[in-house]
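The values are calculated or read from the model by the stated rules, or taken from the named source; none is laboratory data. Computed from a prediction, not measured in an experiment: that's the story for all the values here. Using ideal geometry, Cβ is built from the backbone for each residue, glycine included, and neighbour counts are taken over all protein chains shown. Side chains are part of the model used for accessible areas, which takes the heavy atoms of the whole protein and leaves out ligands, DNA and RNA. Shrake-Rupley method; radii C 1.70, N 1.55, O 1.52, S 1.80 Å.
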Amino acid sequence: MGPSAARVGALLAPLVLLAVVARAEEPHCVWYGQCYENMTTSFTHNCPYNGSALPMTDPSGIAVLQKWCPDLLAELQAQPGGLRTCCDHIQLWTMDSSLNIAASFMNRCPSCMRNFANIVCDQTCHPNQSEFMKVKDTTFNWKTNQTAVGRVDLHIKRAYAEGMYTSCKDVTFPASGNKIMDIICGTWGSWRCSTDRWFSYVGDPAQNEYAPFHVRYVLDQEPPWGGRSLSRKTTACNAPPSEGSLACGCLDCPATCTTAEKSHVTSFSKEVVAIVAGVLFVMIAVPFVVWEYRRASAGKAECSPGGTPAVGQRLAACDASPPPHRRADQDHDPDPVASTSRRHDYLHQPGLVARWGARWEAALEGAFAWWGALCAKWPWLVLLGGVVAVAALASGVPHLEITTDPVRLWAMADSRARLERQYFDETFGPFYRTAQVVLKAKDLPSFRYAPSKKEMEFGPAFNKTFLLEVKKLQNSLEDLAGLEEVCVAPIREQGSVPMPDECAVLSVWGYFQNSEDLFNAVEVDPRGYIISYIDQLLSCAHNPVSVECLAQWGGPVEPTAVFSGFLSDNAEPEDGAENEGLHPFHRATGVVITFVLRNHADPEKNAAALDWEKRFLEFMDNWDANERPNFIEVSYTAERAVEDALAAGSRADAPTVAVSYIVMVAYVAVALGRPARNMYNLLVGGGATLGLGGVALVLGAVAAAAGTFGYADVAATLVVLEVIPFLALAVGVDNAFILAAAVERERARAGEAAAAPSRIGRAVGRAGPSLLLASASECCCFLLGALSTMPAVRAFALFAGLALALAFVLQCSCFVALLTLDARRRAARRLDLCCCFHAPKPAPPHDVHAPQEGLLRRLFRSALAPALLRRRRTRAVVVVAFVALLCLSLAAAPRMRVGLDQELAVPERSSLARYFRTLKEDLAVGPPVYFVVRNGPDYSDPLVQDLLCGGARCRPDSLTAQIHSASKNAEESYIARPAASWLDDYFDWSAISDCCRKGVNGTFCPHETLSCKPCKIQLDPVVRRPINILIFEKYLPFFLRDNPSMQCAKAGHAAYANAVVLKGSAVGASYFMTFHTVLRTSEDYFHALAAARDLSANITRTINNVLAAAGRAPEEPYEVFPYSVFYVFYEQYLTMWTDAIFSLGISLMAVFIVSFVLLGFDVGSALVIVITITMIIIDLLGMMYWWDISLNAVSLVNLVMAVGISVEFCSHTVHAFAKSSETTRTRRAEDALVNMGTSVFSGITLTKFVGIIVLAFAQSRIFQVFYFRMYLGIVMFGAAHGLVFLPVFLSYVGPTPRPRTPAPKDILMLPSSADPSAADPEAKE
């Protein structure tokens, strides 16, 4: 809290209590003694005296001269006439009282204090006053029949005035972080103050109501009556004023500061990455094009007569493929092993690893065939077991905890920001809660007004009607029940009855103490200028700490916290270089009302605040809808508003998400059926039951995973609940399509029924290894992703890994059982979905149970595969195009924004979204930041004090000095102002004799209690600090309990009551508070965090190094850390790229290892899968930049999920390629594309696409951006790479085939008699 204006008047009184009655012949006095007291202002006036200086013999007067005027005293004592002055001891007592108050501001800087005291001493007591002052007017007091000085001219050498102003202009006022010139330069404030303006304000009663009479300070000319201007040598702030004294500290004198280290944030070099991407494209594309051209030329020669057919077919990929009907026959050759004889020239002699791999693959096929036959033999038992297992695990869902606390969601329990937040909350109490209203004038014009001569243009926020409506709204909000019980009241005494007017409400109406009478008052100053509410607003905006600007609750109101819109891009700066750095508050377009509420670590204690915030939001909703004037735009928030908006948004988007899943399920139900060539196929061959069963299994796996973690007491997040079903459906449905397609393509052998376990087992044996490859890769990918330090990513990875593992188990057991039952249903001619009814007509004459080729497969076989793979130029273009896309995405990825804009998390049209936009565009105050000194330092130790304080003798690299230096480099440090230093203010408070008072028994008394006696604190005579540890610790609690007032500005209760934690009489932890600059984007927030940590780390090093050099190193190093309420949410972004690369890298590594093992130790196939997935992820990162999707925890979860889904797009095709019996890479790639590409396209691409489109209509921007856009990108890039690039890539670099080792015949060729009922489905009916 700032000082009062009355105190300011007392401080400046010695400068204006000067009157001269000039006498041309000899220098003489112009006053002597005091003869008049103004009953209105309480200032005393000196008596005019036109005579020589008189002897000073009073000891108390001489003591005052020794204290404040050593230079003048030395001069006077050296004169022949002895000590003669133009002041008596009573005047000196008045001067002492005034300078004591001045010392509370200026004593931080000894040079400033000495220069100021010198001019006061010369003007008050100099024996030759008539040389530089002339009386222009006098005042006659009829009651006392005395004449007093009324108006004077005072001539000062400009160099003298400039020197004094320069030594004082940077002196700070620690409690508020302002400079003292904000207090003693009137409406000019420190930004616009100058020597002329300072002296003009001091002596002009029209500007300074505490000046007893008008003193016109003349700085540019000598006295016209033949005198001389007042002059004396001044001391620069970086020099000590006398021998044995100290220079000013860094905070008060920039010349004494050392160069501050510039903080920095390590980031990607975007240009370097772009260059690397360009070089990579040239290194890949150019050699490939040259090689392809030469290969094409060689291929023509080799394919021509006389060439080498075997070599030509292998390298040039000559089109020697058999006709389509033969290809189809080969696909279903009953003895595929025998077909290897047709490609003996393509095989090299397999090595040991290859033979082991072939045996491993055969063993896997045999195991899956055995398992599939077993599930097909006992389908109902398998289904019952699956249902029981799922029900047992899913019963833990009620125990599942859903994390909605943003702190737990975004920060690990052991993260630095989380631990520092916990320490701050436990030590000093949680950061306060706020409820805020931003009111912007709409369609109100700006207007011109002339305060203090100069006409200015004022923004619509100064419109009187607008401000009165603001007051009306503020009154209504203050009348909401319970505010006084939950608000912050800085000067409220403990145990006192809460009063509403004690609540800290930041508003422009605080400048009028909430009084409409003061607002409407109009005055005329002595020069005839009208003084209205606009003058008061402008004056307080530039000098909020003056007494007439203090709010009703006792504190100053920062203009940046109550005005908005004055920093907009279209706001023109004020005229003149003198205004550089000044905020143009007069251009404001809106105002802000902020209610500051108490916060508690225990959520139960916040119940009352939550109730009041609920009433606040309900009132504002109603006011906005029904009472808001048309000329006002409003946005508002409260501490609970974000969670309320998220809950409301989830409820609003629930129907959209439900429709999305319903559409996907409907598509699956239709797509799993046979082609509807006739009514019979439509009614009997449909797959709706099978599709619904497959989806039910997937959802059952998700429920079982959730229940398992519920039993394990592992919390889930909303991101998990929104993403896992989508992922599980993508993977589970794809597996269902692959299994169904495998069963459909598997021909029944002689005497074998369609639903025979042997046939089902063979189909599962063929598809199972591919499903295991994809599922195992995905599960390992996600479970290793749980190593991430981000809670949201870790929770997602754990849930995804378990859900996919359970889905795989259910697909390979229960879905196989469903396939068996569906085959039996078809054989029995029962209707789909209505299995109790038979088909209305008999089956067609052809074999309806034979494999049938669907439309999608025909399109792939006859159109896509030949067009893509049989033309060499097409393949080359595909490779170059995808490499170009890869390099472009690689160059764009580092340019992607990092962070999550707050407005994306709430519905776009909500009031909270309007508030976030207003916060970014119009508000101009940064969040507070606390530099916390942990327990340990002995604050009574002078060396420790020097390492922390910012005044005289304090080190230039002290804590407060480094923060001050950082504030000078605000663009990089994000520190807006010097820190409020309780230590410096305690020193100044101790040095004022009347500030500390104690009762008879030595207990604390407020300094205004005159019946208590002064403490008489013993001070170090040089630095004027408490002299020892006993004195320091004894009176520190007094300082922290004393409320500031006119007489004692540095009392610490309002500013520092919570800043210092006492352990007994010693100081435990403490903090030094300042503010960040205005932070508008996520990048601003986490760069501010990084810069603050850099600064605190340097402070910590300095403290410990200095103590170690002095031989006083502590057992455990002292620590200083920064804390702001937003740090815990933005810490994740400091390492977002590192976390992303780690999570994606470890996922890709897992995919490679699993692929290598399950593909029979085939390094080539594993590399092809990983390379393709990597390309998908990089292209997805590029899309995020181009589509304005930022990198954050939500998008990182989606990227990790993209790795898993990309496995589905790639692994099945690569596995099919490795198993293909075709003779060339191109034919094998074509075979894999036709056989597996159709399942991938229908199982993932189309299923997800139809569901994703619905998400575009979600109300929440987070759904639109991070789910619709990213999911669409995942599906589109995955499909493009899996169905276009991958087959082409395999046709060039695909691994060579291995000799197949047949699985045991008792498994693969299980006789149909294994299940007698399978041969005759009607037997069980």
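Data for the structure
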{"item": "Condition broken by T147, with the remaining ones in (1) out of contact with any His (no Cβ under 6 Å at 6 or more places or on another chain); (2) crowded, with 19+ Cβ neighbours inside 10 Å satisfied", "result": "(2)"}
{"item": "Filter result for the condition that a residue is part of a helix (DSSP H, G or I) and free of Cβ contacts under 8 Å to residues at least 60 places away in the same chain, over A736, A742, A728", "result": "A742"}
{"item": "Total residues in segment 937-958, condition farther than 22 Å from S104 by Cβ and among the aliphatic types (A, V, I, L, M)", "result": "3"}
{"item": "Any hit, segment 630-638, residues being assigned to a helix (DSSP H, G or I) and open to solvent by 60 Å² or more (accessible area, probe 1.4 Å)", "result": "no"}
{"item": "Residue count, segment 191-202 (criterion: at pLDDT below 80 and open to solvent by less than 30 Å² (accessible area, probe 1.4 Å))", "result": "2"}
{"item": "Inter-residue pairs, beta-carbon under 7 Å, first open to solvent by less than 60 Å² (accessible area, probe 1.4 Å) and in segment 77-92, second of a type in the set (V, I, T) and not in a loop (DSSP other than H, G, I, E, B), 6+ apart", "result": "C87/T124; Q91/T124; L92/V64"}
{"item": "Pick from segment 885-903, criterion open to solvent by less than 20 Å² (accessible area, probe 1.4 Å) and under 13 Å from the mean Cα position of the chain (by Cα), ranking: modelled with the highest pLDDT", "result": "V898"}
{"item": "Within segment 641-652, considering residues that are touching a Leu at 6+ places or on another chain (Cβ under 9 Å) and open to solvent by less than 50 Å² (accessible area, probe 1.4 Å), the one modelled with the highest pLDDT", "result": "A641"}
{"item": "Among residues of segment 413-442, those that are buried (at least 18 other Cβ atoms within 10 Å of the Cβ) and among the charged types (D, E, K, R), counted", "result": "5"}
{"item": "Members of segment 706-725 that are of a type outside the set (D, E), open to solvent by 30 Å² or more (accessible area, probe 1.4 Å) and part of a helix (DSSP H, G or I)", "result": "T708, Y711, L718, L721"}
{"item": "Criterion (open to solvent by less than 30 Å² (accessible area, probe 1.4 Å) and either touching a residue at least 12 places away in the same chain (Cβ under 8 Å) or in a loop (DSSP other than H, G, I, E, B) (or both)) met by exactly one of A776, A703, A750", "result": "A776"}
{"item": "Scope segment 72-107; condition under 30 Å from R955 (Cβ atoms) and touching a strand residue (DSSP E or B) at 6+ places or on another chain (Cβ under 7 Å); matching residues", "result": "F105"}
{"item": "Number of positions in segment 385-398 that are crowded, with 18+ Cβ neighbours inside 10 Å and in a loop (DSSP other than H, G, I, E, B)", "result": "1"}
{"item": "Segment 588-627: number of residues that are in contact with a helix residue (DSSP H, G or I) (Cβ under 9 Å, 6 or more places away or on another chain) and assigned to a loop (DSSP other than H, G, I, E, B)", "result": "6"}
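A quick yes/no check of all residues on (1) within 28 Å of M1183 (Cβ to Cβ); (2) charged (D, E, K, R):
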site	(1), (2)
S1211	yes, no
K1219	no, yes
T1224	no, no
A1229	yes, no
A1232	yes, no
G1237	yes, no
